[in-house]
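Taking it in order: structure first as structure tokens, then the write-up.
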Amino acid sequence: MKIFKSKRLKAGVNMKRTLFAIIALFSAISSFSFAQNVSDYKEAQVSIKFYDRTMYYPGSKDDNPIYVDVAITNRGTDTLRFKLADDRMFSLDFYAYTIKNTTLPNTKDLVIKRSTNQTVYFREIAIEPGETYSFIENVKNYIQIDEPSIYYLELRFYPELYKARTVELSSNRLSLDIRPAPSASSSSILPVENKTTALLKPEAISPDKVIEQTIIARQKSLWDQYFLYMDIEQMMIRNSEVNRKYKNASADERNRMLLSYKADLMQNRIDHDIVGLPERFTIENTSYSQTEGTVSVLEWFKYPNFSEKKRYIYKVRQRDGIWQIYDYSVTNLGTE
């Protein structure tokens, strides 16, 4: 019995040694495999840039997307191969850092997708030396951006897909300026149809911001906001005949003329260009001195069968620290 027990003990020790050897061997193979994977991508460069840089605000990913061009470049001498998921959320991550180096949270959609057990479909991509593979992604699909601030944006790409994460490639960083929502200044009360401009206070914002907020207010039919930075009197007397009548009118009559002018604008009965409803716009150029300035804006107007492109030149001037629109000109740039 003692001899039998001794043999069992020796056999158990040998088995344990063998098991440890097998584990060590697999660990070595795994480490070698990982090292090989990292080495395969050492010549891959991942970079990002804004696709169509514009004004970015917190909130909806559909109304105000942040499109970024993602580029993967082969800087080596051999063919670069990687996996790219059909749903890019399984191939990459965006990180937005505050000035205190804290990160913004992921969107709920991203968290739900990655925590759900599902099949991830992907393609094998091969790019030759010197070639680049690129695609466009909306940052707001990945990151929840709720507050205006300056953030530092970075991308991490997983060439073996997110669930494996054996290799992680980091991109360059971009400075992302998220501005206060343009519905009004952040400290103003948002107007509704039954409120008046008495609830709104114009703020000392730049001329381009004045134009931007005015156009967006028109797009959303927020008339109180639309008139907030407009010198209604000067806009009205641009018409020489109206100017003559206004100068000869009493104080009460002038007030009625101003109210009538605003009502006609809201009903689109006069000055059709200034109250035009653009589908989209982009600010081209802003120039100003201490008291006077101009803002050039490209605006697109959509019709059933075509889009019309126009260039607006808004003239602004400063009174008591507030910039106001007092004149404008329009140039038709054709249809698209």
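FRET efficiency for the PHE306 to ASN141 pair, using the beta carbon distance and R₀ = 45 Å, is estimated at 0.90.
In the structure shown, do any of LYS209/LYS315; LYS220/LYS262; LYS140/LYS220; LYS42/LYS83; LYS209/LYS262 have a Cα-Cα gap over 19 Å, and if so which? In this structure, LYS140/LYS220; LYS209/LYS262 exceed 19 Å between Cα atoms. Per-residue extension of 0.36 nm, minus the Cα-Cα distance of ILE205 and THR282, leaves a gain of 25.9 nm for this segment.
Label positions at SER39 and ASN243, each projected 7 Å from the Cα along the C-beta direction, are separated by 8.0 nm.
Rounded, prolate or oblate: which fits region 254-336, taking a ≥ b ≥ c as square roots of the Cα gyration tensor eigenvalues, rounded meaning a/c under 1.5, else prolate when a/b beats b/c? Oblate, because a/c is 1.5 or more while a/b does not exceed b/c.
Say R0 is 22 Å: what FRET efficiency, to the nearest 0.05, do GLN290 and SER149 get from their beta-carbon distance?
Using R0 = 22 Å, I get an efficiency of 0.15.
A simple packing score, the average count of other Cβ atoms within 10 Å per residue, orders the peptides 233-244, 120-131, 153-164, 73-84 as 153-164, 73-84, 233-244, 120-131, with the highest score first.
Across all C-alpha atoms in region 33-143, the radius of gyration and Dmax reach 15.9, 45 Å.
Computed from label points 7 Å out along Cα-Cβ, the spacing between LYS163 and LEU258 is 6.7 nm. Fully extending the segment from GLN234 to SER170, taken as 0.36 nm per residue of separation minus the present Cα-Cα distance, adds 17.6 nm. Other residues within the sphere of radius under 11 Å centred on the Cβ of PRO129, judged by their own Cβ, net out at -3 (K and R +1, D and E -1).
Can you compute the FRET efficiency between TYR51 and SER250 using 1/(1 + (r/R0)^6), with r the Cβ-Cβ distance and R0 = 45 Å? Round to the nearest 0.05. My answer for the efficiency is 0.20.
Taking 0.36 nm per residue of separation and subtracting the Cα-Cα distance, full extension of the segment from LYS113 to TYR67 would add 14.5 nm.
Since every read-out is calculated from the coordinates, none of them should be taken as a lab result. Note that this is a predicted model, so its numbers are computed, not measured. Heads up, the Cβs are rebuilt from the backbone with ideal geometry, glycines too, and the neighbour counts pull from every protein chain shown.
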